[in-house]
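Shown next, in structure tokens, is the structure this report addresses.
The values are calculated or read from the model by the stated rules, or taken from the named source; none is laboratory data. Note that the structure is a prediction, hence the values are computed from the model and not measured. For neighbour counting, all protein chains shown are included, and Cβ atoms are generated from backbone atoms with ideal geometry for every residue, glycine included. Remember, those area values only see protein heavy atoms, side chains included, never the ligands or the DNA or RNA. Shrake-Rupley method; radii C 1.70, N 1.55, O 1.52, S 1.80 Å.
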Amino acid sequence: STMRERKTTDPVHLSTDLSEGKEKLRLKREVGLISSVSLIAGTMIGSGIFMSPEWVLHHMGNPASSLLVWAACGLLAMFGALSYAELGTIIKESGGEYIYILRIFGSFPAFLFAYTSVILVRPAGLAAVCLSFAEYAIAPFYPGCSSPQVAIKCTAAACILILTIINCLNVRLATSVMNIFTAAKLLALLVIVVGGLVLLAKGQTQSFQNGFQGTTAGIGAVGVAFYQGLWSYDGWNNLNYVTEELKKPEVTLPRALMIAIPLVTCLYLLVNVSYLAAMTPSELLSSGAVAVTWGDKVLGSWAWLISLSVALSTFGSSNGTFFSGGRVCYIAAREGHMPDILSMAHVRCLTPSPALLFTSAMSLIMIISGNFTSIVNFFSFIAWLFYGITISGLLYLKIKKPELPRSYKVPIIIPIIVLMAAVYLVLAPIIDQPQMEILYIVLFIFSGVVFYFPLVHFKYHPHFLQKVTLHLQLLLEVAPTTKDAN
């Protein structure tokens, strides 16, 4: 059948067992603490810190309140991650929000999440990161003026196609690219931090005088400022997508979060201070690429290094986003919520090529139709809607099922704070400045009903879909995978 309940594995870490006369693809637990910290920090530090500062400042109205938003976003990401850590030690399966919603609330809401995530959220996140990569990659070719939109979109599309090839060819190549580019982005941020500290030591503090003057009071504007800031912290939940691959998840999961997220928060605050030391608020607001403008002012003839570093950083982050993008496809297909073809792996490369090709196609559509800011706002609305549902699931387990074994417990006040923040982030922009786009998003989420009842609930599988699946298997050279029983 085209959509059926099955046992599969994400072929990120696969081994082959030929002892029974046929090949089996199995999941390995080989992600340790250092790899876990690298995965979280490497995905979090992407395009946001190089693109979002001007938008946070724009919506908040002044430097001091924008820095408070950055600090609050870091704290909220930490609280959310700690809540997810407890969920990860109760439900020890990969799949993040999808598997938690499925196990706590049941099949229907989990399907709506998988449907929205696979078609909208993951491709939108990838499109936004690739657009920011393109902005920085071509900025040096257009000195003193904005880069044309056509050039930006074509470069972003080329980035997605290159990532598709890398990730479909070889898993080890994809992880190597992620590790190399993580080092590049940390180096870029450290250069900016050191440069900012030098400027502050020289007395360039005019941006911080009367820091709270003109602070925005509207709840919607503050909500949108949080969207832009939280976009830079997105990735705090990535470790929950690979729970089945962690060594000692009950220890590794909370420890990695407690190291990675405070590290990233401190870096982000110092980088923002550095931007404001080098530029006046009005200069920062008029900059299309904040880090490049900073480089022009501080590094002079060496400014090209910043463009290169930021392009490398965003490319690395987009690779990480793309790398984990097929995971919900896999887990959802395993549970019978997605077409069977999306749960298959290439027979020789052992990569999730159907899911990667699908994500790639959807991301290209997003790039053609949207821009960075609109994509981030709409991505954040959906993300926090489902974060809120997931956190409410944790509160349900804490209150109704306290007897469930869990090696890590978060104080109940923390998920309550995260849930309140999620409700605010979802409702504030709707109440303050209602937009038709949000209605379209909600309608899209519930359009999943059209597919859920015939295909999942009543298990109706049109015969032609089975033929399509078979032909795609032959064309893409993919086969079903088996989950490790251990």
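Considering the conditions (1) surrounded by fewer than 21 Cβ atoms within 10 Å (Cβ to Cβ); (2) touching a helix residue (DSSP H, G or I) at 6+ places or on another chain (Cβ under 8 Å); (3) not acidic (Asp, Glu), Met420 is excluded by exactly one of them, (2). Scanning segment 409-416 for any residue that is touching a Phe, Trp or Tyr at 6+ places or on another chain (Cβ under 6 Å) and open to solvent by 50 Å² or more (accessible area, probe 1.4 Å) turns up nothing.
Residues checked against (1) buried (at least 21 other Cβ atoms within 10 Å of the Cβ); (2) small (Gly, Ala, Ser); (3) in a helix (DSSP H, G or I):
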position	(1), (2), (3)
Glu54	yes, no, yes
Gly88	yes, yes, yes
Ser94	yes, yes, no
Tyr100	yes, no, yes
Ala114	yes, yes, yes
Gly144	no, yes, no
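Taking every residue in segment 227-255 that is touching a residue at least 60 places away in the same chain (Cβ under 8 Å) and pairing it with any residue that is in a loop (DSSP other than H, G, I, E, B) and among the aliphatic types (A, V, I, L, M), at least 6 positions away or on another chain, the pairs with Cβ-Cβ distances below 7 Å are Glu245/Val12. For the residues Ala110, Ala124, Ala128, Ala77, the requirement of being in contact (Cβ under 8 Å) with a residue 40 or more places away in the chain, open to solvent by less than 10 Å² (accessible area, probe 1.4 Å) and within 20 Å of Tyr396 (Cα to Cα) singles out Ala110. Contact map, segment 274-301: residues that are acidic (Asp, Glu) paired with residues that are crowded, with 16+ Cβ neighbours inside 10 Å, Cβ distance under 6 Å, separation 6+ or inter-chain. Pairs shown: Asp296/Ala303.
Residues checked against (1) β-branched (Val, Ile, Thr); (2) touching a Pro at 6+ places or on another chain (Cβ under 9 Å); (3) touching a residue at least 60 places away in the same chain (Cβ under 8 Å); (4) under 25 Å from Trp384 (Cβ atoms):
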{"position": "Ala428", "(1), (2), (3), (4)": "no, no, yes, yes"}
{"position": "Gln433", "(1), (2), (3), (4)": "no, no, yes, yes"}
{"position": "Tyr440", "(1), (2), (3), (4)": "no, no, no, yes"}
{"position": "Phe446", "(1), (2), (3), (4)": "no, no, yes, yes"}
{"position": "His457", "(1), (2), (3), (4)": "no, no, yes, no"}
{"position": "His463", "(1), (2), (3), (4)": "no, no, no, no"}
{"position": "Leu472", "(1), (2), (3), (4)": "no, yes, yes, no"}
{"position": "Glu477", "(1), (2), (3), (4)": "no, no, yes, no"}
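If I ask for residues that are of a type in the set (Ser, Thr, Tyr) and closer than 23 Å to Leu299 by Cβ, which ones from segment 156-204 would you list? Of everything in segment 156-204, just one residue is of a type in the set (Ser, Thr, Tyr) and closer than 23 Å to Leu299 by Cβ, namely Thr182.
Every condition in (1) at pLDDT 85 or above; (2) outside any helix (DSSP H, G or I); (3) over 29 Å from the mean Cα position of the chain (by Cα) is met by His461 except one, and the failing one is (1).
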